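One structure below.
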Amino acid sequence: MGVIMLLPLINVLSKAVSAEWAITSGKVGILPVGFQLDTMKEVISSSTFIRAFGVSVGVTVVGTVISILMTALTAYPLSKRLPGIPFIMVLFIFTMLFSGGLIPNYLLMRQLHLINNLWVLILPGMISVFNLLVIKSYYESLPEALEESARIDGAKTYTILFRIILPLSMPVIATIALFYAVGFWNDYFGPMIYINDTALKTLQLYLQDVVMDASAANAVNKSVDDLMNMSPEGIRAATVVASTVPILFVYPFLQKYFIKGVLIGSVKG
């Protein structure tokens, strides 16, 4: 199943580095034919691609950091046995089932002057209730003795949270960070609805322009002469690869936390 899932990605990668004549004649399958990197160079050197790439990176980094911080801070009090917590949880879960709809959300964003503003891609999805429930459950699995001993030593709430709870929660924090990062990076519907300024287009909107453009020359902001030896299909494939590879490099930095997840937080006694 894993190999089957990889086949389309391998085919796109092969087209991105294959010669124009091989792609046009349909000879590119699993392996590239007429290996060349000119198409990739032209795509990633496009000023439009570089601008869209920078916008997506900025939104992903800022959005992930803010979302993780807000989700972790919100989940902590919800994991405690405090009055009113069940009712508050019902309000959170309610938002998973019902929403105001597209038009009310658009009117709200316009009223808040967030149209054509990159914050509109971050603030509405700042806290995912699903991710909130995951972190909350992880907090509840940590022994209460850790917090009790810290309070006896004079630690305050924020000290306990940032110096004890969050370090022990790095496996789940890293997992949720990956969820948020992939979500922000792949977000297509939000930018399509709220962003009209060309200078603020994300990489996903740029990818749509390349896929929808008949020649692909206009989309990558290159002249036809520059792309005369490159097929539109090859340009699209190269753009897809250039848009996908960056987020794939995030996982190796978080892998160790996935492996250590079952070991952190245990208590011996």
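The values are calculated or read from the model by the stated rules, or taken from the named source; none is laboratory data. Since the structure is predicted, the reported quantities are computational estimates derived from the model, not experimental observations. Counting neighbours? That spans all protein chains shown, and the Cβs are built from the backbone with ideal geometry, glycine included. In case anyone asks, the SASA skips ligands and DNA or RNA and just uses the protein heavy atoms, side chains included. Shrake-Rupley method; radii C 1.70, N 1.55, O 1.52, S 1.80 Å.
The residues of segment 166-225 that are assigned to a loop (DSSP other than H, G, I, E, B), open to solvent by 30 Å² or more (accessible area, probe 1.4 Å), modelled with pLDDT of 85 or more and under 25 Å from V12 (Cβ atoms), listed by number, are D187, Y188, K201. Only residues that are open to solvent by 80 Å² or more (accessible area, probe 1.4 Å), within 26 Å of K156 (Cβ to Cβ) and not in a loop (DSSP other than H, G, I, E, B) were counted across segment 68-96, and they come to 1. A count restricted to segment 168-193 and to residues that are over 14 Å from V59 (Cα atoms) and either in contact with a Lys or Arg (Cβ under 6 Å, 6 or more places away or on another chain) or not hydrophobic (A, V, I, L, M, F, W, C) (or both) stands at 3. Each residue in segment 102-113 was checked for being at negative phi and outside any helix (DSSP H, G or I), and 1 pass.
Only one of the numbered conditions (1) out of contact with any Asp or Glu (no Cβ under 9 Å at 6 or more places or on another chain); (2) free of Cβ contacts under 8 Å to residues at least 60 places away in the same chain; (3) over 30 Å from E140 (Cα atoms) is violated by L69, and that is (3). Exactly one of these conditions fails for S99: (1) in a helix (DSSP H, G or I); (2) modelled with pLDDT under 90; (3) open to solvent by 60 Å² or more (accessible area, probe 1.4 Å). Give me its number. Among (1) in a helix (DSSP H, G or I); (2) modelled with pLDDT under 90; (3) open to solvent by 60 Å² or more (accessible area, probe 1.4 Å), S99 violates only (1). Quick check on segment 139-157. Is at least one of its residues part of a loop (DSSP other than H, G, I, E, B), under 15 Å from M70 (Cβ atoms) and out of contact with any helix residue (DSSP H, G or I) (no Cβ under 6 Å at 6 or more places or on another chain)? No, every residue in segment 139-157 fails to be part of a loop (DSSP other than H, G, I, E, B), under 15 Å from M70 (Cβ atoms) and out of contact with any helix residue (DSSP H, G or I) (no Cβ under 6 Å at 6 or more places or on another chain). Residue count for segment 234-269 under the criterion of being farther than 30 Å from I164 by Cβ and either at pLDDT below 80 or open to solvent by 80 Å² or more (accessible area, probe 1.4 Å) (or both): the result is 2. Can you work out which of the residues in segment 1-53 that are free of Cβ contacts under 8 Å to residues at least 12 places away in the same chain and part of a helix (DSSP H, G or I) is most open to solvent (accessible area, probe 1.4 Å)? Looking at residues that are free of Cβ contacts under 8 Å to residues at least 12 places away in the same chain and part of a helix (DSSP H, G or I), I get M5. For segment 118-138, the condition holds for at least one residue, the condition being that it is open to solvent by 60 Å² or more (accessible area, probe 1.4 Å), at pLDDT below 90 and either over 30 Å from V240 (Cβ atoms) or in contact with a strand residue (DSSP E or B) (Cβ under 8 Å, 6 or more places away or on another chain) (or both).
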